[in-house]
Amino acid sequence: MNKSVLFGAMTVAALAAGAAAAGTLDDVKARGKLNCGVTTGLAGFAAPDANGEWKGFDVAVCRAVAAAVLGDATAVEFVPTTGKTRFTALASGEIDMLARNTTWTLSRDVDLKFDFVGVNYYDGQGFMVPKELGVSSAKDLDGATVCIQTGTTTELNLADFFRANNISYEPVPIETNAEGTQQYLAGACDTYTTDASGLASTRATFENPGEHTLLPEIISKEPLGPLVRHGDNEWGDIVRWTLNALITAEELGVSSANVSEMTSSTTNPEIARLLGSEGTLGEMLGLDADWAKRAIETQGNYGEIFAKNIGEDTPIGLARGLNAQWTDGGLLYSPPFR
C-alpha cells in the first residue's frame, strides 16, 4: 500500500471513530430524518424516479430503518456517493448509514473502522460485452479494454483474474455507473465489469438490451450489505436487526399485506416477538414495540422488496439464486428473534 492510500485509510478510520462517539441514534432523532448514503444511480437498487423520488432495493433498506426509528419511512435524506466518496461520507458523519452495493471485506471492516451489519445481496463480479464482439467467455478477453469503477473491489479482482489466466487488458477508469455506461456504449471499452447484479441493472436501461450479453464467469465473491461506523454499537444493532426483520418476515410468512392482522392474531411466538405483541425486543434496541412492524408494513418483507425492485418480473430480471431463503436452498438467513 503506498503512502497516500495508507494516509487515506488512516484519515477515514480517524473520522469514523470521532463520528461514532457522537451517538447516531440521538442525532437521527434530533434531526428528524435519516441521512442514508446510496449510489449515484443504479436502476432497481437506488435511483430517483421521474418525480425525483428515490426507489430501489437498497433504498428500501434505508426507508425501513427510518420507519423503525422515526415512524416515517419518508423521513430520509438520500445522499448520492461514488466508489471514492462513500467511505469518507460515512466516516465523517455526513451520512448515518451506507446502503450502496458495497462489498464486505476484512480491510473495510477492520482498517477503515466500519461495521457491516449483514448481507442484503450475495453477488459476484461479472463481465458484459456487446454480442457483436463474438466473445463467449471472459478468458477470451486477452488484450481487451475494460471499463472499471475506481475505488472498488473490482479493480483487484480484475487484475487477479487476468493474471491467473495469463492474459492482458487495458483499464478504462470510470467513477460512476453513468460514466461507465456512457463509455461502454460509446465503444471506449470492449467490456464493462462490475457486480453481476449491477450489470443486469445497467443492461436493462439500454435501448437494445438484447444486443449485450453477460459472460458466464463470476470471478469473485461480493457480499453486499449496509454498513455503519465502528464504535456506535447501539446504532449498528438497530440497522442490523431492521435488516434481519425484513429477512425473518419473509421466512415466517409475514408481509406488508398481513402484518397488521398477524400482530393481533398470530399464535407463533417468534412472529409475536418480531411484531412486538410479545416480549421487549424493541425496548432492548431503544425503540418502541412496533419498530419492526412499521419497517415491514411500509417496505414489505425481503422477498417483496426483491420482487418489486430487481426480481424476475422487473426489467432487471434477477432470479433469487443465492439470495433465496435458507429453507429454499439459498444463503439468506437471519438469527432468531428471541
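The values are calculated or read from the model by the stated rules, or taken from the named source; none is laboratory data. This structure is a prediction, so every number in the text was calculated from the model and none was measured. Don't worry about glycine lacking a Cβ; one is built from the backbone with ideal geometry, like all the others, and counts go over all protein chains shown. Ligands, DNA and RNA are excluded from the accessible area calculation, which covers all protein heavy atoms including side chains. Shrake-Rupley method; radii C 1.70, N 1.55, O 1.52, S 1.80 Å.
Taking the criterion of being open to solvent by 10 Å² or more (accessible area, probe 1.4 Å) and either among the hydrophobic types (A, V, I, L, M, F, W, C) or free of Cβ contacts under 8 Å to residues at least 60 places away in the same chain (or both), the residues of the range 240-257 that qualify are Trp241, Leu252, Gly253, Ser255, Ser256, Ala257.
For every residue, the table says whether it meets (1) over 29 Å from Ala324 (Cβ atoms); (2) within 22 Å of the chain's Cα centre (by Cα); (3) buried (at least 19 other Cβ atoms within 10 Å of the Cβ).
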{"site": "Ser137", "(1), (2), (3)": "no, no, no"}
{"site": "Leu141", "(1), (2), (3)": "yes, no, yes"}
{"site": "Val146", "(1), (2), (3)": "yes, no, yes"}
{"site": "Ala159", "(1), (2), (3)": "yes, no, no"}
{"site": "Gln182", "(1), (2), (3)": "yes, no, no"}
{"site": "Thr213", "(1), (2), (3)": "no, no, no"}
{"site": "Lys221", "(1), (2), (3)": "no, yes, no"}
{"site": "Ile238", "(1), (2), (3)": "no, yes, yes"}
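Note on the range 60-102: residues that are without any contact (Cβ under 8 Å) to a residue 60 or more places away in the chain, among the aliphatic types (A, V, I, L, M) and closer than 27 Å to Leu281 by Cβ amount to 4. Taking the range 318-335 as the range and being touching a Lys or Arg at 6+ places or on another chain (Cβ under 9 Å) and surrounded by 14 or more Cβ atoms within 10 Å (Cβ to Cβ) as the test, the residues that pass are Gly330, Leu332.
Tally time: how many residues in the range 191-231 are in contact with a Pro (Cβ under 8 Å, 6 or more places away or on another chain), of a type in the set (D, E, K, R) and within 13 Å of Phe127 (Cβ to Cβ)? Of the residues in the range 191-231, 1 are in contact with a Pro (Cβ under 8 Å, 6 or more places away or on another chain), of a type in the set (D, E, K, R) and within 13 Å of Phe127 (Cβ to Cβ). Residues in the range 122-135 that are within 13 Å of the chain's Cα centre (by Cα) and surrounded by 21 or more Cβ atoms within 10 Å (Cβ to Cβ): Asp123 alone.
In summary, Glu234 fulfils each of the numbered conditions (1) open to solvent by 40 Å² or more (accessible area, probe 1.4 Å); (2) farther than 23 Å from Thr102 by Cβ with the single exception of condition (2). Would you confirm, using the coordinates I've provided, whether Arg338 is in contact (Cβ under 8 Å) with a residue 12 or more places away in the chain, among the charged types (D, E, K, R) and open to solvent by 70 Å² or more (accessible area, probe 1.4 Å)? For Arg338, the condition - in contact (Cβ under 8 Å) with a residue 12 or more places away in the chain, among the charged types (D, E, K, R) and open to solvent by 70 Å² or more (accessible area, probe 1.4 Å) - is met.
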